[in-house]
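A.B. asks: Take this structure first; my questions come after.
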Amino acid sequence: MGPLESASDSMAELDALEAEGVKAFHSAANADELETARIAFLGQKQGRVKSAQERIKTIPSDAKKAYGQRFNAVRGALENAWEDGKKRFDKPAAIIQGLDVTLPGRAPRLGHLHPLTQTATELIDLFGRFGFSVARGPEVEDVFHNFDALNIPDSHPARDPLDNFYLPGGFMLRSQTSTVQIRVMEKQPPPVRVIAIGRVYRPDTVDATHSFMFHQIEGLMVDRKVTMADLKTVLRLFAQSYLGEDVKIRFRPSFFPFTEPSVEVDMQWHGGDRWVEMGGAGMVDPNVFRAVGYDPDKYSGFAFGLGIERLCMRRHGIDDIRLLYKNDTRFLEQF
Ligand code: FA5
């Protein structure tokens, strides 16, 4: 066979390829047959179009151009025929699989907010009504904001490495949201009325009321003539609004380096026969004011820090803090 003959044979093969391919795509009776035809003609590995493309190497150079042009036209025609076929079978899945997509669907199951998130949202709302806005601070905090600025001396047992998660470079996972008091006062002059809600970390032994990661709500109010009576009123109003009119709370004298005087606040636990500590509070220590450049002779203020898990537990009658972290949907669905 001479080269010319071979070239014209090849052109004839392209004609046949086109005719057979178009026929196969047009006569496919369903999506499966169409796919079989696609693999036979347009398949990337052994499709006939691919073979015809590879044959170009064997075509004499003076016939290559004509072959190439014809090849492109054939390939275009087959691709169009395939697209046409797809349009015929790309009907709603319903018709192919005997499923009526026009029927109303099944409503997806909606999740809902975790009880702790719900608690946080309610606290923000409630303190918002008392005129407190929301402030934030970092969870990875420097030792200065967690201790020094809060008047906690180097020798204080609260700094013990066994009681804190220290990180390299003078940082730590904050052990209390009181850090945010400092961050707020560093940034703005008095008056201040803020709350801060967030995670805190302490390597405490886990039991029914303790976790190594928990949440606190910090409150800070600074103005002229803020008194301990204001603090007690705000905490009592808060407890009654969040936990119920009949809830009992009590204040015990205590000590925190950043408040003077200081109190611990207990709430009567559900069941009524024991008290559980809800948080600490007090009048901001003048040393803290000095450290942030506030004049302690002009301004006074109160601060409090409450455990959010315990508030949530008291509110909903939950008796073990660990339930809040198990992610057992049988438990979570109840809230
Ligand atoms: C503090 O953290 C002080 N920063 C509170 C404070 C703020 C005092 C402002 C004065 C002024 P305390 O370590 O007591 O205090 O923690 C406060 C509350 O956090 C506790 O009463 C308790 O409700 C909660 N809490 C403490 N440790 C845990 C724990 N391991 N798991 C769950 N809740 C905890």
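The values are calculated or read from the model by the stated rules, or taken from the named source; none is laboratory data. In this text the structure is predicted, and so the values were computed from the model without any measurement. Cβ coordinates were reconstructed from backbone atoms using ideal geometry, including for glycine residues, and neighbour counts include every protein chain displayed. These accessible areas exclude ligands, DNA and RNA; they are computed on the full protein's heavy atoms, side chains included. Shrake-Rupley method; radii C 1.70, N 1.55, O 1.52, S 1.80 Å.
A.B. asks: Taking into account only those residues within segment 292-311 that are open to solvent by 30 Å² or more (accessible area, probe 1.4 Å) and more than 15 Å from the ligand (Cβ to nearest atom), which is farthest from Lys187 (Cα to Cα)?
C.D. replies: Asp297
A.B. asks: Exactly one of these conditions fails for His145: (1) closer than 30 Å to Arg174 by Cβ; (2) open to solvent by 60 Å² or more (accessible area, probe 1.4 Å); (3) part of a helix (DSSP H, G or I). Give me its number.
C.D. replies: Failed condition: (2).
A.B. asks: Return yes or no: is Ile197 in the same structural domain as Gly128 (by TED's automatic domain parsing), of a type outside the set (S, T, N, Q), within 12 Å of the ligand (Cβ to nearest atom) and within 28 Å of Phe132 (Cα to Cα)? Outline the logic, then answer.
C.D. replies: Working: in the same structural domain as Gly128 (by TED's automatic domain parsing): yes; of a type outside the set (S, T, N, Q): yes; within 12 Å of the ligand (Cβ to nearest atom): no; within 28 Å of Phe132 (Cα to Cα): yes.
The answer is no for Ile197.
A.B. asks: Can you name the residue in segment 206-236 that is surrounded by 15 or more Cβ atoms within 10 Å (Cβ to Cβ) and part of a loop (DSSP other than H, G, I, E, B) and is also nearest to the ligand (Cβ to nearest atom) among such residues?
C.D. replies: Ser211
A.B. asks: Does segment 321-335 contain any residue that is open to solvent by 30 Å² or more (accessible area, probe 1.4 Å) and touching a strand residue (DSSP E or B) at 6+ places or on another chain (Cβ under 6 Å)?
C.D. replies: No, there is no match, as no residue in segment 321-335 is open to solvent by 30 Å² or more (accessible area, probe 1.4 Å) and touching a strand residue (DSSP E or B) at 6+ places or on another chain (Cβ under 6 Å).
A.B. asks: Can Glu245 be described as more than 9 Å from the ligand (Cβ to nearest atom) and either farther than 22 Å from Gly128 by Cα or modelled with pLDDT of 95 or more (or both)? Steps first, please.
C.D. replies: Working: more than 9 Å from the ligand (Cβ to nearest atom): yes; either farther than 22 Å from Gly128 by Cα or modelled with pLDDT of 95 or more (or both): no.
When the stated conditions are applied, Glu245 does not pass them.
A.B. asks: Right, next: Scan (1) in contact with a Leu (Cβ under 8 Å, 6 or more places away or on another chain); (2) under 30 Å from Leu103 (Cα atoms) for the single condition Asp84 breaks and write down its number.
C.D. replies: All conditions pass for Asp84, except number (1).
A.B. asks: Would you be able to tell me the number of residues in segment 250-274 that are out of contact with any Lys or Arg (no Cβ under 7 Å at 6 or more places or on another chain), open to solvent by 30 Å² or more (accessible area, probe 1.4 Å) and at pLDDT 95 or above? Break it down into steps so the answer makes sense when it comes.
C.D. replies: At the first step, the residues of segment 250-274 found to be out of contact with any Lys or Arg (no Cβ under 7 Å at 6 or more places or on another chain) are 250, 252-262, 265, 271-274.
Remaining after also requiring open to solvent by 30 Å² or more (accessible area, probe 1.4 Å): 250, 252-256, 260-261, 271-274.
Filter once more, so that each one left must be at pLDDT 95 or above: 250, 252-256, 260-261.
Selection size over segment 250-274: 8.
A.B. asks: Kindly indicate whether any position in segment 276-289 is assigned to a strand (DSSP E or B), more than 16 Å from the ligand (Cβ to nearest atom), in the same structural domain as Gly128 (by TED's automatic domain parsing) and open to solvent by 50 Å² or more (accessible area, probe 1.4 Å).
C.D. replies: First, the residues of segment 276-289 that are assigned to a strand (DSSP E or B): 276-284.
Within this subset, residues satisfying the condition of being more than 16 Å from the ligand (Cβ to nearest atom) are none.
No, there is no match, as no residue in segment 276-289 is assigned to a strand (DSSP E or B), more than 16 Å from the ligand (Cβ to nearest atom), in the same structural domain as Gly128 (by TED's automatic domain parsing) and open to solvent by 50 Å² or more (accessible area, probe 1.4 Å).
A.B. asks: Of the conditions (1) within 13 Å of the ligand (Cβ to nearest atom); (2) under 25 Å from Asp297 (Cβ atoms), Pro189 fails just one. Which one is it?
C.D. replies: (1)
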